[in-house]
Structure formats: structure tokens, C-alpha cells
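Here's the structure we're looking at; comments come further down.
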Amino acid sequence: MTFATVMVSLALNQPNEARLEVASDLAARFGAGMIGVAAAEFSPPLYFTTGEQAQDLIDQGEAALQNRLAELERQFRSVVGGRAAPLSWRSALDFPARYVLAQAHAADILVTGAVHPGMSDAFATANPRDLVMQAGRPLLVVPDNAGLIDLGTVLVAWKETPEARRAITDALPLLAKASEVVVAEIPEDTSDYDACEARLDDVVAWLGRHGIAASARVEEPGQGRNVAAKLDAVAAELKAGLVIAGAYGHSRFRELVLGGVTEHLLTRTERCVLLSH
């Protein structure tokens, strides 16, 4: 159980320090190689003109983007240093999400930042909502205030969905390095309590067969945004440094409109989160 290659997605218009530190730490823990990736697409202004003047504007804009991508490469190599080998950089003038997704096959895990409210610029940043839905790789979402990844206590947010099963399988290398693993489920109502206990006993036993000692806990029932709040409370109580969860067990549109656990973890996380879909 290991990660052989860690990929980190950098943004042109958001802080990258935390995600670089966490990705570097992850690569060092697993003796993994590391790939830095970034892309940007020129966004014409609303007063866009035509002819030679338009081409000059495009050339200037693309040159500025190339300079910014070069800055990100220097930052990547400076922060990562000798903590990962081999080390490589990939960048292009392209829509960030599209470019990052096209590179994801080269890595075991993809590291990115959380969604910044009011800063979802598709020309400059690969939105983690798109990455987790299409990458086919686990996505480690890092808040801007994170330091090194804390594997003292890891919380697995369980729900009986394919996404949760995929997430816990993807997370096995991290769970194997954790000091304590807690698998928790928040049922929708009290009638599901016994079924939750039986499910979590099975999950804990499955982890045990992988050499991972874990405990189970069933929380008080909750629904909607209340589930996200309860999950935060459990993580805070346990002082969990990492949360493992399946992404978008409900439709993505429903979560965007009504709120949900995935949206909460992507936009309001205070700790690192590993998501799989």
C-alpha cells in the first residue's frame, strides 16, 4: 500500500504554499516522485477588439500567463527541493481543469486547494469540484492554513455508497500510516441505527484484514447541512488531521443548490480532506 507518484495542482490566483508543503510531505513519507502541474487560458476583456490590435492583446496576455506559469514552476521546485524524486513539471496555455485532468493518469493521488468563495475562475484555477468528479484518482484537498499532513487521527466519514467504498480503498496507504482510525456514520434517522452498527463493524473488520486497526462510532441522526456540521464536530472532538469521504453521493447539482457534505468539505474545510468519486 503506497503512493508512487504525487501530483500537485497549482493555481495562478490563489495561495499555493499549503498544498505544496502537504504534497511534499506526502511524497517524502512514501518515497514518491512528484509532478507539479498548472495551466491557464487567456480571458479576453469585455471590450475585446479586432484585427492587429486584438492579436497584440492576445500575445501580451499569453506572454503574461507564460511568465506566471514560470513563476509557479520556480516556486514548485524551490518548495519541493530534494523531498521527492523523480521531480517533474507540466504546464500549458489551456483551461486548467481540462489540462490537469489530462495529466491525472500519471499519478496515484492528486493534491489541490479548497474552493475559494468568489474565486472560481475557470481560466486560472482547476476547480476541485471538476477534479474529483473526473480525475479517477483520489483528491486531497488542502486548506490554506494547513501545514504538514497530520495522520495522528484519521476520520473516515462513512455512508453506504459506492463513493465511500472507493474513498476508503483509495485511502489505504494513508490509513496504514495513521496512529488512530475512526470510522463514523451519521444515519438519517434512528431506525437505521442497528444497520449502521452492523455496516461499520464490517468496515472495521475489513480494515483489520489490511493490517489497519480502527474503531467505529454511530452518531446521532442528521440530515442536509446538519450532517456536515455534525461531521465537523466529530472531527474537532477527535482532533482529526485528515477526513476521508466519498464525494457527491447525491447529485452535484443538488449539493450546489441545497448544500451537502461534499460542498462543505470543498469550501469550508479546516483540515485536509481526501475525496473520491
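The values are calculated or read from the model by the stated rules, or taken from the named source; none is laboratory data. Everything quoted here is computed from the prediction, not taken from an experiment. Every residue, glycine as well, gets a Cβ built from its backbone with ideal geometry; the counts of neighbours run over all protein chains shown.
For beta carbons closer than 8 Å, sequence separation of 6+ or different chains, a first residue in the range 147-162 that is assigned to a loop (DSSP other than H, G, I, E, B) and a second that is of a type in the set (S, T, N, Q) and surrounded by fewer than 19 Cβ atoms within 10 Å (Cβ to Cβ), the qualifying pairs are 151/179; 152/179.
Residues in the range 178-196 that are over 14 Å from residue 244 (Cα atoms), surrounded by 15 or more Cβ atoms within 10 Å (Cβ to Cβ) and among the charged types (D, E, K, R): 192 only.
Tell me yes or no: at least one residue of the range 166-189 is assigned to a helix (DSSP H, G or I), modelled with pLDDT under 95, among the β-branched types (Val, Ile, Thr) and over 18 Å from the mean Cα position of the chain (by Cα). Within the range 166-189, not a single residue is assigned to a helix (DSSP H, G or I), modelled with pLDDT under 95, among the β-branched types (Val, Ile, Thr) and over 18 Å from the mean Cα position of the chain (by Cα).
Conditions (1) touching a Phe, Trp or Tyr at 6+ places or on another chain (Cβ under 8 Å); (2) among the polar types (S, T, N, Q); (3) over 17 Å from residue 43 (Cβ atoms), marked per residue:
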residue	(1), (2), (3)
61	yes, no, no
86	no, no, yes
93	yes, no, no
100	no, no, yes
121	no, no, no
126	yes, no, no
133	yes, no, yes
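Of the residues in the range 190-209, at least one is within 24 Å of the chain's Cα centre (by Cα), farther than 26 Å from residue 260 by Cα and in the same structural domain as residue 238 (by TED's automatic domain parsing). Scanning the range 201-251 for residues that are modelled with pLDDT of 95 or more, part of a loop (DSSP other than H, G, I, E, B) and surrounded by 14 or more Cβ atoms within 10 Å (Cβ to Cβ) yields 212, 214, 240, 241. Among the residues of this structure, residue 107 does not count as one that is over 11 Å from the mean Cα position of the chain (by Cα), over 24 Å from residue 145 (Cβ atoms) and at pLDDT below 95.
Residues that are buried (at least 20 other Cβ atoms within 10 Å of the Cβ) and not hydroxyl-bearing (Ser, Thr, Tyr) within the range 116-126 comprise 124, 126, listed in sequence order. Among residues of the range 160-169 being surrounded by fewer than 22 Cβ atoms within 10 Å (Cβ to Cβ) and of a type outside the set (Ser, Thr, Tyr), the one that is farthest from residue 5 (Cα to Cα) is 160. Report whether or not residue 261 is modelled with pLDDT of 95 or more, in the same structural domain as residue 198 (by TED's automatic domain parsing), surrounded by 17 or more Cβ atoms within 10 Å (Cβ to Cβ) and among the aliphatic types (A, V, I, L, M). Spelling it out, it is not the case that residue 261 is modelled with pLDDT of 95 or more, in the same structural domain as residue 198 (by TED's automatic domain parsing), surrounded by 17 or more Cβ atoms within 10 Å (Cβ to Cβ) and among the aliphatic types (A, V, I, L, M). Annotation note: of 94, 59, the sole residue that is modelled with pLDDT of 95 or more, surrounded by fewer than 17 Cβ atoms within 10 Å (Cβ to Cβ) and over 18 Å from the mean Cα position of the chain (by Cα) is 94.
Every condition in (1) outside any loop (DSSP other than H, G, I, E, B); (2) assigned by TED's automatic domain parsing to the domain that holds residue 101; (3) not acidic (Asp, Glu) holds for residue 123 except the one numbered (1).
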